[in-house]
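Here's the structure we're looking at; comments come further down.
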Amino acid sequence: MGPPEPDDPGVSGLIIFRYLSRELLVTLGAVSSVLLLIVMSGRFIKYLAQAAQGILDPGVLFTVISFRIPGFLQLILPLGLFLGILLTYGRLYLESEMAVLAATGMSLGRLLAYTMGPALMVALVVACLSLWLTPWGLAKVQRILDAQDALTEFDTLVPGRFQTLKDGSRVTYTQELSSDRTLLHKVFISETVVSREDGKTPRGLAVVVADHGRQVVQPDGSRYLILENGRRYDGRPGQADYRVVDYTTYGLLLSRPSVAFGVGKMETWPTAALWGHWDHEHQAELQWRLSLPVLVFVVTLLAVPLSRVNPRQGRYLKLLPAILLYMAYLASLIGVRGALDKGRLPLYLGLWWVHLLFLLIALLIFFWEPLRWRLLQRRVTGEARDAQD
């Protein structure tokens, strides 16, 4: 039995599948790269602001961003696939390539079957990210977070820079800092003094200047900055009744900066550790991780019929409604996840009813498009017959 002929349906189908997959994956890669760059830039700016305030060590910025990439990608890839299908197939419809494929027997169902190949690959990648890589990365971030929580204001000081510390109530400056970070020279500290009754109401401003400073660790683990040969000013801004105190030695408690990465404790658990726990918190996290690969298949079923456009209408006509539908899907999953985590929903419902709801919507859209075109063709044919009669 010889090799298949060029007009063999199997060979032509394989060629079409490879062509559609290549076009789709190229668009998916481009869209996902842009989205990842946008998300990483926003996060990096946030962490950079914390480093500028002395809350976060600048040396761990790129490490934190690297460990957060799997968590970003697990949400970006389904959206990238969704937009990739809309943009790729919309261009093919606009350039009449889909009309040529339809003339060779390409149906909407066959197009969906071809699209499920790249979708399966994306779903496997998303499953790997959500079930293994993202929890592993977040656990690494949590370790960095714990290490940063152990730092004090003294450990995050940068010489020659005014730094806002202690929730914005203290500004610290040192002109020089020794290489082993044990001695400071020419120190300036401005701190808001709060009421002793509630610990929140500001009652004045305290400014401390000193020639030298050093760190002292107490047996209980608390740390103090010991200032030498300086002066303290106490009073209210705008009033002239400031109190000035000269001192030889002055102790200042060093607080620990609060670092926020947006990482929950349950998110750092390995997936295998979540199995067997039937409380709402564990099940909400487990079902969320399992939902992301399912999301890929449902949005693929949504995107294929929504990508069909009329060349006269343009390729972007359905893009905005399709994106809004996707955002409604994702927002529903996030909202139901929060409700399940707080025990507002029973475990047997979980997140699966959201997938079922949007699966039904996708099936309705999928079967409505061919039905609408058949009805339109029948109406046009009937009008043509009436005109001939």
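log₁₀ I(q)/I(0) of segment 60-152 at q = 0.10, 0.15, 0.19, 0.24 Å⁻¹, via Debye over equal Cα point scatterers, no solvent, to two decimals? Debye curve over Cα of segment 60-152, log10 I(q)/I(0) at q = 0.10, 0.15, 0.19, 0.24 Å⁻¹: -0.45, -0.71, -0.90, -1.14. With the biggest extent put first, the Cα atoms of segment 274-345 measure 55, 19, 12 Å across the principal axes. Ranked by the mean number of other Cβ atoms within 10 Å of their residues, highest first, the peptides 208-219, 107-118 fall in the order 107-118, 208-219. The alpha carbons of segment 21-62 occupy a box of 48, 14, 7 Å along the principal axes, longest dimension given first. The Rg/Rh ratio of segment 314-366, with both radii computed over alpha carbons and Rh defined as the Kirkwood radius, is 1.11. For G204, nonlocal amide neighbours, meaning residues 5 or more places apart or on other chains whose placed amide H falls under 5 Å from its own, are V193. Applying the Karplus relation 6.51 cos²θ - 1.76 cosθ + 1.60 with θ = phi - 60° to segment 178-191 yields 3J(HN,Hα) values of 5, 5, 8, 6, 10, 10, 10, 10, 6, 9, 10, 9, 10, 9 Hz, where x marks Gly and Pro.
Read the figures in this text as sums done on the coordinates, not as results from a lab. Fair warning: this is a prediction, and the values are worked out from it, not measured in the lab. Here the Cβ is made from the backbone with ideal geometry for all residues, glycine too, and neighbour counts use every protein chain on show.
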